[in-house]
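Below is one structure, written out as structure tokens; comments come after it.
Each value in this text was obtained by applying a stated rule to the coordinates, not by laboratory testing. This one's a predicted model, so the numbers in the text were calculated from it and none came from an experiment. Because the Cβ atoms are built from the backbone with ideal geometry, glycine has one as well, and the counts that use them run over all protein chains shown.
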Amino acid sequence: MNNEPNVTVNDPNDDLFYFIDSDAIASEKIIAPRYSYWKSVFRVFFRKKVNIVMLILLALIVIVAFVMPRFWVYDPMENVTNAATFNLSPAQAMRYFGGFSLKWILGTGQLGNSIFYGIVASSRTSLMLCVICAAINMTVGIIIGALWGYSKKFDVVMLVIYNIIANVPDLLLISVLVYIVGSGFWPFVFALTVTGWLAIAYFFRTQVMIIRDREYSMASRCLGTPVRRVISKNILPFLTSVIVTLLATNLPGYISSELFLSYIGMGLSASVPSLGRMIGEAQNSFLTFPWAFWPPVAVASAITIILYVMGQNLADASDPRTHM
């Protein structure tokens, strides 16, 4: 007599084993959140509170530097014939000109000019200079550097040019160019950009050479993909963090160059407001008239530090390894 229990195959009451439907399409789906590179970059960037503070300070400086001059015109020679207005402290200036005024809140300079208005106009010059120079040098440097690192024939020619120009000190070269083409705003931009892209291109060349012979790039070349498309689609997207790092390094560098060259009298012309010139003119009397020396120093330092900190943190955030 068989005492074994009757087991029914596919018993609906059996919780241990049961059949499921096979869906080939559903099995290929990966459940994961959609990844957006730039969304992740800004998420990591704004995670640090210091970046928010720096961004607010930079926005205030930009608004003051570019909006306020629309309501008044800075004239450093407006009181040059009135010796009584020279080197007035903030309290003396407000008392002399009839009470509180934002124009005289930092006192007057050695020619009776408004220090506050001069700082605002000079900050506008510095910001415009660094943005324009960075845009020109980065654009030319990235394009030339990508071709330089990708093409071996172009590499031979550019190495000769680089070895010749790189051995000339930058300050000496810029100073000679300023004497030749002039010391106005656009001639000064030309002096900073005529060879300023070369170092960027050389650095970028090295980065391109690292990834140009990877499998996907070699496959594209074997399939006859144009060089322009290989560079723009296969190489440049992988160097986004490198580009941001270069930009972060160069932005405050142009302001520092302008400050130093104007400070030693080899930068912008006297007709162009400059923080470096304001500092240079007040250096001999910074103990006697400190209000003419320390405010432009503080503003120049603040702009440089803000750009440097924000640039470095943005460069870190642009690294995909920080997006985990």
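For an R0 of 30 angstrom, estimate the FRET efficiency from the Cβ-Cβ distance between Ile180 and Ile143 and round to the nearest 0.05.
Working: r = 26 Å, r/R0 = 0.87.
Plugging the Cβ-Cβ distance into 1/(1 + (r/R0)^6) gives 0.70.
Let me have the relative contact order for the stretch 117-322, percent, based on Cα pairs under 8 Å that are six or more residues apart.
Numbers: 220 pairs, mean separation 60.8, N = 206.
In percent, rounded to a whole number, it is 29.
List the equivalent ellipsoid semi-axes of the stretch 39-120 in whole Å, largest first, each obtained as the square root of 5λ for an eigenvalue λ of the Cα gyration tensor. Can you show the working numbers first?
On the way: eigenvalues 277, 32, 18 Å².
Each semi-axis is √(5λ); the values are 37, 13, 10 Å.
If only Cα atoms are counted, what is the Rg of the chain, and what is its Dmax, in Å?
Cα radius of gyration and Dmax of the chain are 30.4, 130 Å respectively.
Only residues of the stretch 118-159 count here: report those whose backbone N is under 15 Å from the spot 7 Å along Cα→Cβ of Phe71, or say none.
In the stretch 118-159, the label zone of Phe71 (backbone N under 15 Å from the point 7 Å along Cα→Cβ) covers 120-121.
Arrange Thr322, Thr108 by Cβ neighbour counts within 10 Å, fewest through most, would you?
Details: Thr322 14, Thr108 27.
Neighbour counts put them in this order, fewest first: Thr322, Thr108.
Let me check the size of the stretch 151-247 from its C-alpha atoms; what are the radius of gyration and Dmax in Å?
For the stretch 151-247, the Cα-based Rg and Dmax read 17.1, 52 Å.
Assuming R0 = 35 Å, can you tell me the calculated FRET efficiency for the pair Ser256 and Lys152, based on Cβ-Cβ distance, to the nearest 0.05?
Working: r = 36 Å, r/R0 = 1.03.
The computed FRET efficiency comes out at 0.45.
Report the number of Lys pairs in the chain whose alpha-carbons are under 21 Å apart, with separation of 8 or more residues or on distinct chains.
Working: Lys39/Lys48; Lys39/Lys49; Lys39/Lys233; Lys152/Lys233.
Close lysine pairs under the 21 Å cut-off: 4.
Would you mind ranking Tyr216, Tyr162 so that the residue whose beta carbon has the fewest other beta carbons within 10 Å leads the list?
The fewest-first ordering by Cβ neighbours comes to Tyr216, Tyr162.
Arrange the following residues from fewest to most other Cβ atoms within 10 Å of their Cβ: Arg205, Arg95, Arg228, Arg321. Write down the numbers at each step before the final one.
Values: Arg205 22, Arg95 13, Arg228 10, Arg321 7.
Listed from fewest to most nearby Cβ atoms, that is Arg321, Arg228, Arg95, Arg205.
Can you give the local net charge around Tyr117? Use residues other than it whose beta-carbon is closer than 10 angstrom to its beta-carbon, Lys and Arg +1, Asp and Glu -1.
On the way: positive: Lys103; negative: Asp75, Glu78.
In short, -1.
For the stretch 173-324, what does the alpha-carbon gyration tensor say about shape, rounded, prolate or oblate, given a ≥ b ≥ c as the root eigenvalues, a/c under 1.5 as rounded, and a/b over b/c as prolate? Please report the intermediate quantities before stating the final value.
Values: a/c = 4.63, a/b = 2.04, b/c = 2.27.
Oblate, because a/c is 1.5 or more while a/b does not exceed b/c.
Fully extended, how many nm does the chain gain between Met209 and Gln312 (0.36 nm per residue separation, minus their Cα-Cα distance)? Could the numbers behind the result be given before it?
Details: separation 103, 0.36 × 103 = 37.08 nm, distance 2.43 nm.
Stretched out fully, the Met209 to Gln312 stretch lengthens by 34.7 nm.
Using +1 at the Cβ of each Lys and Arg and -1 at the Cβ of each Asp and Glu in the stretch 117-322, identify which of Ile231, Ala270, Gly141 lies farthest towards the dipole's positive end.
Ile231
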